1. Select from the range 53-96 the residues that are at pLDDT below 85 and either basic (Lys, Arg) or assigned to a strand (DSSP E or B) (or both) and write down the one among them that is nearest to residue 276 (Cα to Cα).
2. So, in the range 254-275, exactly how many residues are surrounded by 13 or more Cβ atoms within 10 Å (Cβ to Cβ) and assigned to a loop (DSSP other than H, G, I, E, B)?
3. Yes or no: the range 209-232 includes at least one residue that is surrounded by 11 or more Cβ atoms within 10 Å (Cβ to Cβ) and polar (S, T, N, Q).
4. Among (1) crowded, with 19+ Cβ neighbours inside 10 Å; (2) part of a loop (DSSP other than H, G, I, E, B); (3) modelled with pLDDT of 90 or more, where does residue 251 come up short?
5. Of the residues 205, 232, 209, 216, only one is more than 30 Å from residue 65 (Cβ to Cβ) and among the hydrophobic types (A, V, I, L, M, F, W, C); which?
Amino acid sequence: MDKILQYVTPLLGVLSVLVAWLVLVTSWRALTRTVTPQIECYLRPRESSQVFDLVIANYGMGCAYNVKLELQVDEDDFAAHHVVMEGWRSTEAPFALIEPGGRITNLFGMGPSLVGGGKPALKPFTATVTYEWQPFWSRRRKTECKRRTVDIRAFQGLVPEWKKNELAENLKKGLSEVAKAVKSPQRPPIPADRKSTDTASFRRMESAMPDLFAEMRSDLAEYPLKREFILMPKGALYNAGSKEPLVYHYEDHPDLDDKVGVLVNEGAVADITYNSVDRYVVSESLAAYLRSDK
């Protein structure tokens, strides 16, 4: 009996360690799943139609932050199939958040030519989704990148035929124009300076938002000819091309939207937003005030 216990006791110790290790690993994985997003990107046909949406969905249990999308496509093939997202190769600014079970959808295209309709279907393309998530064991967010091959040919035979009617024909003819409009959004005209504010009004506004005025004054001292500015969170990306606007961050100025809204109402700045990023232009009267000695 003593000999049996001599061998069994060490085995029981090893078994206890293994069980504890398995419990620890299982608990760690379970906790990790509660904060980990599961991001997928795919095409989805609208019910009983030839209209397709591009979807970014979160099937995980954690939130996805600063979600960015980039498409790698055959440009000629997209143009030939009149894809509405022809000009949207990447997001100008990331989507701030996709909650668990949430999704972002965008019109992709319509018409039988996408899935065939008498000619080759749209070629498969690659969608790259980059996002951040917050581990429970770290104060820093982790960045992950998912690449998915999107193939519309999977829907061949599963969507209804495009009816031969006048409405359908008109829609097909207008697809190229829709694509051009999405690709090149028109900037609104910059309104004339209303000059509805005086020095006393500017001083009153500055007393309500001194930090914002101080940063704007500093920016105009460095860039005296710049007038346009945008609002965005720190870390967000924005491709402005060759004309870089001034940038003011939400983290630096609490209630930034409300403060700029007051400036708009007073005519000190004008709202010229034409895409997903809030964009404004400083009036000449405000610029003169900011350059003065008050």
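The values are calculated or read from the model by the stated rules, or taken from the named source; none is laboratory data. Note that the structure is predicted; figures quoted are calculated from it, not measured. Methodologically, a virtual Cβ is constructed for each residue, glycine included, from the backbone with ideal geometry; neighbour enumeration extends over all protein chains shown.
1. In this case the residue turns out to be 95.
2. 5
3. Yes, that holds for at least one residue.
4. Residue 251 satisfies all of (1) crowded, with 19+ Cβ neighbours inside 10 Å; (2) part of a loop (DSSP other than H, G, I, E, B); (3) modelled with pLDDT of 90 or more except (1).
5. Going through 205, 232, 209, 216 in turn, just one is more than 30 Å from residue 65 (Cβ to Cβ) and among the hydrophobic types (A, V, I, L, M, F, W, C): 205.
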